[in-house]
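This report concerns only the one structure given below.
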Amino acid sequence: RHTITDKVAFALVAFFLGELGDGLNIFQGIYLVALGWNEGSVGIALSMMGFTALLTQTIAGDIIDKTTFDRRKFLAMAALMTAFSASAILFVQEGNVDHALMYVTKIIEGVSSSFIGPCVAALTLASFGPDSFDEVMASNILWGHVGSIVSAVLAGLTAWITYPNIRYCFLVILFSALLAVVGVKLLPEGDVLMGRGLKGNSTRVVHSGDDGDDYTNMEVQGTTSWSSTQGNIASPKCTSNSVAAEENAISSYWEIFSDRKTVVLCFTGFFFHFANANVLLVLGELMGGDNEDGTTKRSAIPLIAGAIVLAQFTMSGATLAGDRMTKGGWGRKPLFMAGLLTLPLRCFLIIFWKDAGEAWLLSTQILDGVGGGFFGLLHPYLVADITFGSGRFNVIMHAVVLGF
């Protein structure tokens, strides 16, 4: 028995995985330009990861739904592959060279990173069930944002100190992955079937024991057992009969993909992110600029890091506030709409303040944080609402991400 709770273990893993986020892509762009790459080559390299993830997200979700392989091992391998491929930039030589190295490793990074989200979501649902899923996912998302903040701060500080040779800031990714793998060992496997959005092998009824612990009456395949728990689901082994019964209850791909709520959520996310995709890059160009010789100004590094940190810090607050508001009876739709409305307001203010100075432009990232916080929080909530019992939780979770 571990000395920390399962919820804390998930928070630790989410924190270190948050440091693997693509927020450092913009630092990679700055570094490659400094090496002598042209803007077109940089754009292709950085787009490779996103394009590959676009193609593999839904497939990754479907694999994690169906797998009988321990999802914790999947998660550890995906984190390591993401980190090692992202760290390949350390081996790029000066000049407009080594394109193949960056292109190939970005493709690997896109594939491996596609498995991280499905693994975390499936393990959370498997370990805590639908009743506690919202609370634990909110904690995961919150600590993921905190990890992104720490990553951006460490990377920006390292880049500032080592300027103009900012390559060592990318070591943050590698160290974070190693720590995430250590944390994964603390995670429970949970109920395998429940992890794909089925009812699973257990029915949870929580009682309070005389010693103050919660005890869960687990009805597993016709037998009852008691286990000390802190809100998590036990992990009974699945028999062939139980798996066969649950497989018969799984919805068809057509049934779940043609569901009106799924279609609306996918298209809403698509148009939101279609508009949002390049706003940070435009903001970086407006705030940063170049020296007279064409090199990137040193001041651009802390400004860009500040933009990432401010957005992620606000996302953390928005995630915490959104979690409390949903617990307090606020519906999903009002918060979702509030998140959507922040984007047009943010774009308007960037245009209005484009000549007002860097501080004003930087402040627009607060709206990015509010929108991203609400959007990121409610996305898994809505998918869980739509799909639980269908057996297609992760495939729809990441079909929606594909739309994003």
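The values are calculated or read from the model by the stated rules, or taken from the named source; none is laboratory data. Since the structure is predicted, the reported quantities are computational estimates derived from the model, not experimental observations. Methodologically, a virtual Cβ is constructed for each residue, glycine included, from the backbone with ideal geometry; neighbour enumeration extends over all protein chains shown. The area values use the complete protein model at the heavy-atom level, side chains included, leaving out ligands, DNA and RNA. Shrake-Rupley method; radii C 1.70, N 1.55, O 1.52, S 1.80 Å.
Observations on the structure shown:
- With all protein chains kept in place, the per residue accessible area of segment 25-134 amounts to 38 square angstrom at a probe of 1.4 angstrom.
- Segment 255-404, accessible area per residue, ligands and nucleic acids excluded (1.4 Å, Å²): 48
- Apolar share of the accessible surface for segment 15-147: 69 percent from carbon plus sulfur atoms, 1.4 Å probe.
- Trypsin sites (Lys or Arg not before Pro) within segment 1-97: DSSP coil, no more than 12 neighbouring Cβ in 10 Å: R1
- Computed over the alpha-carbon pairs of segment 1-103, the distance histogram in 10 Å steps reads 12, 36, 30, 16, 6, 0 percent, short to long.
- C-alpha center-to-center spacing [segment 333-353, segment 81-139] in angstrom: 28
- Segment 338-395 - percent of accessible surface contributed by carbon and sulfur, probe 1.4 Å: 73
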